[in-house]
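Worksheet: one structure, shown below.
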Amino acid sequence: MARERREEELMTAYQAGDRDALDAIYWLMKDSLYSFLYRYTRDEQLSIDIVQDTFVKLQQHKHQYDPAMGKLKPYLFQIAYRLMVNKLNRRKKLKSFFPSLVPITKTSIDMADRMTIREAIGKLPPKQRAIILLYYYHDLPQEEIAVILEIPLGTVKSRLHHGIHRLKALLGGDFLEA
Amino acid sequence: MKHKQQDPLEKERFLRSKLDEYHVDVPDFPMKSEKTKGDRLIAFLASPTENPLEKLILTVNGVTMLKLAPIGLVMGLTILQFLIFF
């Protein structure tokens, strides 16, 4: 809670012209945004580009953010998610026209057991994947996920439910305790 | 991870343990100021891409074909010039 208030205070300071406040927001949010984007795309360079583009957008439209309308974290995640979807769609189109022009995806494999969960998350339908990632790894309430993805709350609940079932089926582990 | 009220993952101990295994190493990269269109073009042109001839390089026949292709092309062009000018 204190951290959230700090984020909002920093944003207000940045809107008032304090450049250091923007740097502080960047260092507070960078890891979280990157982790979400990387887990979604599994593309290091793309994730870095989107985090940087998110902050470029924040700078360009710094006065559009209104603390009364919501917290800063979902606001930044919403920008990043929109940018990511646009870039992935553009990449998909480019790939269909010029297959050899699409940049190579650099993915690193750390451990065999991580591969399993990585692959399972990668195999989730994109809409379920985003919800699982935002809900589990970023501690975002379902209401804020609905704002980020611009979908109704009921859709978030049902996609989360289906995503969990799909993930369990993909992992194929022992789910007796569930 | 924080536990929420009516958390659908609360009872999914195995799934949570699996999800917890997925750590991301965040690289160190700076925040950028506004990018110009020129910067974007350079980044796009400089990004590594797939080699379109890679499939040919992997086989002996492919390499032979790549070596002979310029000779065939030159011969074809020569024949074409003969047909046009003579």
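The values are calculated or read from the model by the stated rules, or taken from the named source; none is laboratory data. Nothing here was measured: the structure is a model prediction, and the numbers come from that model. Cβ sites come from the backbone with ideal geometry, for glycine too, and all protein chains shown count toward neighbours. Protein only, heavy atoms only, side chains kept; ligands, DNA and RNA dropped before computing areas. Shrake-Rupley method; radii C 1.70, N 1.55, O 1.52, S 1.80 Å.
Summary table
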{"item": "Verdict on A:Gln64 being over 27 Å from A:Glu143 (Cβ atoms) and open to solvent by 30 Å² or more (accessible area, probe 1.4 Å)", "result": "no"}
{"item": "Hits in the range B:5-49 - residues which are within 30 Å of A:Gln60 (Cβ to Cβ), at the interface with chain A (Cβ under 7 Å from one of its Cβ atoms) and of a type in the set (Phe, Trp, Tyr)", "result": "B:Phe29"}
{"item": "Meets criteria (surrounded by 10 or more Cβ atoms within 10 Å (Cβ to Cβ) and within 24 Å of the chain's Cα centre (by Cα)) for B:Ser47", "result": "yes"}
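To keep it simple, each residue is scored yes or no on (1) open to solvent by less than 90 Å² (accessible area, probe 1.4 Å); (2) not in a loop (DSSP other than H, G, I, E, B).
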| position | (1), (2) |
| --- | --- |
| B:Leu9 | yes, no |
| B:Lys18 | yes, yes |
| B:Pro27 | yes, no |
| B:Ala43 | yes, yes |
| B:Lys67 | no, yes |
